[in-house]
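Take a look at the structure set out below.
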Amino acid sequence: MGITQGLLATMVADSAPADRRGTAFGFFNLLSGLAMPVASVLAGLLWDYYGPAFTFIGGILFCLLTLVAIRFKGGRDWAGNSRL
């Protein structure tokens, strides 16, 4: 998180309208907070059932899936402007 937190905060600030930045940060932190326990449970289940190697392979697969989703979404900000 130490590596990515500044980048994520910059992405939120850049993509949110100036008058909605506080709401954007709140929503981002809400979703991050909800996703963290889900990711932890999923990682624990992968570790228990398939071993540590598959847990890291699962992380790689989720990252690749995210990159594909971002590519097909087109990288648009809140106002619908293209970011790519």
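In the chain, the longest principal axis of the Cα atoms and the axis of helix 52-73 are about 30 degrees apart.
What is the angle, in °, between the Cα long axis of helix 21-50 and the longest principal axis of the Cα atoms in the chain? Nearest 10 is fine, range 0 to 90. Approximately 10 degrees, to the nearest 10. Return the Rg/Rh ratio of the chain with Cα-based radii and a Kirkwood Rh. Rounded to two decimals, Rg over Rh is 1.05. Note on Ser32, Ser15, Ser40: ascending count of other Cβ atoms within 10 Å places them as Ser40, Ser32, Ser15, the fewest first. Axis of helix 5-15 versus longest Cα principal axis of the chain: the two differ by about 40°, to the nearest ten degrees.
Put in line by how crowded their Cβ is, counting other Cβ atoms within 10 Å and starting with the fewest, Val68, Val12 read Val68, Val12.
Just so you know, all these numbers are worked out from the coordinates, no wet-lab data involved. These numbers come from a predicted model, not from an experiment. All Cβ positions, even for glycine, are placed from backbone atoms using ideal geometry, and neighbour counts span all protein chains on display.
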